[in-house]
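All remarks here apply to the structure that follows.
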Amino acid sequence: MTDEGRLLAGRYRVGAHIGRGGMSDVHIGTDSRLGRTVAIKLLKSSLAADPAFRTRFRQEAQAAARMAHPTIVRVFDAGEETIVESSGHESQIPFIVMEYVDGRLLKDIIREGPLQADEAVRIIDGVLTALEYSHRAGVVHRDIKPGNIMITRTGQVKVMDFGIARAISDSSTTVAQTTAILGTASYFSPEQAKGESVDARTDLYSTGVVLFEMLAGRAPFRGESPVAVAYQHVSETPVKPSSINPKVSPALDAVVLHALAKDRFDRYQSAVDFRADVDLAAGGQIPVFHSADDSGGGLFAAAPLSASASELALKQLSEDESMVRTQRRPPVIWIWAGILSVVVIVLSVMIWAFSLTPSSDLPDNSRRVPSLTGLSYDQAQTSLLDQDLAAIRAEEPSATVAKDQVIRTDPPAGTIAQPTDLIRVYISTGAQPVDVPDVTNQPLADAQTAITDLGLTPGSVTRENSPDVAAGLVLRTDPAAASMEKTGVTVNFIVSSGLVALPDLEGQALSAATDLLNSADLQLISIPTPDDTCPLEAGSPVTKQSLAPGDVPQKSEVTLFYCAG
Ligand SMILES: Nc1ncnc2c1ncn2[C@@H]1O[C@H](COP(=O)(O)OP(=O)(O)OP(=O)(O)O)[C@@H](O)[C@H]1O
């Protein structure tokens, strides 16, 4: 393995070994370019042997690096280092450079026994906030477990290893192989255990397992082997956490069991819903789990209960061990109606808030989205994090903003935002190449407009003689039509002067002079010289031309005098 003192990617100095996981060794380190302390995770060489895994790993780490949220361990960089072993054998070791977290793994905290309910709620709140953010950014974690959750000295929750499970499960074929690397099947959702596709709800199931374990002091399913545990996730009904730790309230029992529904349509559909119910349960209220077609409710919305409704729910809880009502899949139209209503409400509130609030008098705890134009994505993330806002990266071409710099944000700079709000940061991919259009034979002004419309820059105009293209029309461009050019590139015009060059024809044979005039598209009138002094000469040489040699208007008439042959 890599020794202390090694420099990775010419930049990250590996320091003391601080931890070992199922797939990696973790060191404290220093980013020598920025002078900041980092954590460096070096993947085990057994995993690193597969090039497909390394590629997938790098892609996932890059996706994770796009996420910046106070509840997510920041990924700063990822790469591969060639390591020459003492035998002379070279191997590629993938590494991730992360935010250094001064804290403890939740796994180690749980080992000391069940947590107080309010502490468990606070931690799960943090995990769900991280998931709300990552799911909105389109990233499913796939391996939510106490070994991937850190609690800092100040109590801040930090979730890590986003996307790494994907890299592993894509390169391993069976549950047994995947768990051999990930270390445990205790937090697998039923769909993961069955090898089916996963989505955001998979993470919510695993979060339910983590909540169960924090409250009960042990995971809901245990077994001799990963396959035995995976089997229970698919087919066994979990017990209530309170049957292991009687201090757990019926409300939290209800939330945990709802999160652990086998069918993903029967459990929480979003981290937001899950968190709302956890908070409700922390206040002693048992949430009501609405199905999508229940009248008056949103999808699985939690609502405060009246006393009698609470009693009813409690009665159901004791009667029904599974606690989870069978719910039909929500019809698509209701989902869309729900989304539309939320969008309308959010927009109305934003417009109202923006119009009412003077800049000097912001509502409590809110802040304005800062202007980030021209910053790098890293700088923009830091600036947003300073305001407790979270960045999501988006990209678009720009002719005016340099590559890798912020073009704009959504919501735009100046908008009022709340802590942990998501700000989409648009980064310039630079000017996008376009085809230089064919503007030949167009009037110069039209051609200049067409070039400007494509984001190219109209450049110099040079006049050039042409026998047939009318004065002021474009003869050609430089670069030529159809060549791919980046926006911003200057396109020069060569425009017809409307003139044509008339050569000096005196002394030339009449036939040669006639050919020259024809090729310049000039009109020839020839008059044999009546003068006797003109000697008869072979070839009938031209003695005089009516227009002086030089540039003359197109189609000019030229009279040639010549000696008859
Ligand atoms: N960003 C970090 N800052 C500080 N310490 C860290 C960081 N990441 C990991 N560690 C420490 O390194 C140890 C191993 O990390 P981790 O458990 O994430 O490794 P892993 O190989 O991903 O493990 P597993 O696959 O078993 O989850 C942990 O004990 C943790 O305390």
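The values are calculated or read from the model by the stated rules, or taken from the named source; none is laboratory data. Everything numeric here is computed off the predicted structure, so don't read it as measured data. Every residue, glycine as well, gets a Cβ built from its backbone with ideal geometry; the counts of neighbours run over all protein chains shown.
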- Leu43 fails exactly one of the following numbered conditions: (1) within 11 Å of the ligand (Cβ to nearest atom); (2) hydrophobic (A, V, I, L, M, F, W, C); (3) at pLDDT 95 or above; (4) in contact with a Pro (Cβ under 6 Å, 6 or more places away or on another chain). What is the number of that condition? (3)
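Yes/no per residue for (1) in the same structural domain as Arg56 (by TED's automatic domain parsing); (2) more than 16 Å from the ligand (Cβ to nearest atom); (3) at pLDDT 90 or above; (4) at positive phi:
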position	(1), (2), (3), (4)
Ala137	no, yes, no, no
Val157	no, no, yes, no
Phe162	no, no, no, no
Arg166	no, no, no, no
Phe188	no, no, no, no
Lys194	no, yes, no, no
Phe221	no, yes, yes, no
Tyr231	no, yes, no, no
Glu236	no, yes, yes, no
- Message: Pairs please, first residue from the stretch 7-34 and closer than 14 Å to Ile96 by Cβ, second anywhere and in a loop (DSSP other than H, G, I, E, B) and away from the ligand (no atom under 14 Å from the Cβ), Cβ atoms under 7 Å, 6+ apart in sequence or on different chains.
- Response: Arg11/Ser32; Arg11/Arg33; Val14/Thr2; Val14/Glu4; Val14/Gly5; Val14/Arg6; Asp31/Arg11
- Task: Can you tell me which residue among Glu85, Glu90, Glu60 is surrounded by 22 or more Cβ atoms within 10 Å (Cβ to Cβ), of a type in the set (Asp, Glu) and either within 13 Å of the ligand (Cβ to nearest atom) or without any contact (Cβ under 8 Å) to a residue 12 or more places away in the chain (or both)?
- Result: Glu60
- Task: Can you tell me which residue within the stretch 104-117, out of those that are buried (at least 16 other Cβ atoms within 10 Å of the Cβ) and outside any loop (DSSP other than H, G, I, E, B), is farthest from the ligand (Cβ to nearest atom)?
- Result: Ala117
- Message: Are there strands (runs of 3 or more DSSP E) fully within the stretch 4-99 with at least 1 residues that are touching a His at 6+ places or on another chain (Cβ under 7 Å)? List them.
- Response: 12-20, 24-31, 36-43
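Conditions (1) more than 18 Å from Pro146 (Cα to Cα); (2) at pLDDT 85 or above, marked per residue:
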site	(1), (2)
His69	yes, yes
Val73	no, yes
Gly79	yes, yes
His89	yes, no
Phe95	yes, yes
Lys107	no, yes
Ile110	no, yes
- Query: Hey, among Val434, Val461, Val425, which residue is closer than 30 Å to Ala390 by Cα and either part of a strand (DSSP E or B) or not assigned by TED's automatic domain parsing to the domain that holds Gln379 (or both)?
  - Reply: Val425
